1. Here are 47, 56: which of them is surrounded by 11 or more Cβ atoms within 10 Å (Cβ to Cβ), of a type in the set (D, E, K, R), modelled with pLDDT of 90 or more and part of a helix (DSSP H, G or I)?
2. Within the range 30-49, identify whether any single residue is free of Cβ contacts under 8 Å to residues at least 12 places away in the same chain and in contact with a strand residue (DSSP E or B) (Cβ under 7 Å, 6 or more places away or on another chain), and answer yes or no.
Amino acid sequence: MSESASNTKNSRNSSRVQPHKHCRICQEAIPTKTEPRVCKKEECITKNEKNEKNQKQVRVLMLIFFGIFALPFVASIVLQLL
């Protein structure tokens, strides 16, 4: 099959599929306006909340570690200015 025929076939197929998103956990199709992007299954909601909590904790720890390593450089610059 030629490339243009393949593109035409793909565009016909995509016009039949309703716009949607997929659940972050189980990949089930969900409506586009769903926020957070998870289905209504309790296990998916629980896993998503746990993942968000872990991501927030990692962000905080990254900031703390960055601060620890940046502090000596900032302190040396400040001391040189004084």
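The values are calculated or read from the model by the stated rules, or taken from the named source; none is laboratory data. These figures come from a predicted structure and were not determined experimentally. As a convention, Cβ positions derive from the backbone with ideal geometry for all residues, glycine included, and neighbour counts pool all protein chains shown.
1. 47 is the lone residue from the list that is surrounded by 11 or more Cβ atoms within 10 Å (Cβ to Cβ), of a type in the set (D, E, K, R), modelled with pLDDT of 90 or more and part of a helix (DSSP H, G or I).
2. Looking for residues that are free of Cβ contacts under 8 Å to residues at least 12 places away in the same chain and in contact with a strand residue (DSSP E or B) (Cβ under 7 Å, 6 or more places away or on another chain), one finds at least one in the range 30-49, hence yes.
Each row is one residue, and each column tells you yes or no for (1) among the hydrophobic types (A, V, I, L, M, F, W, C); (2) at pLDDT below 95.
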| site | (1), (2) |
| --- | --- |
| 24 | no, yes |
| 31 | no, yes |
| 60 | yes, no |
| 74 | yes, yes |
| 79 | yes, yes |
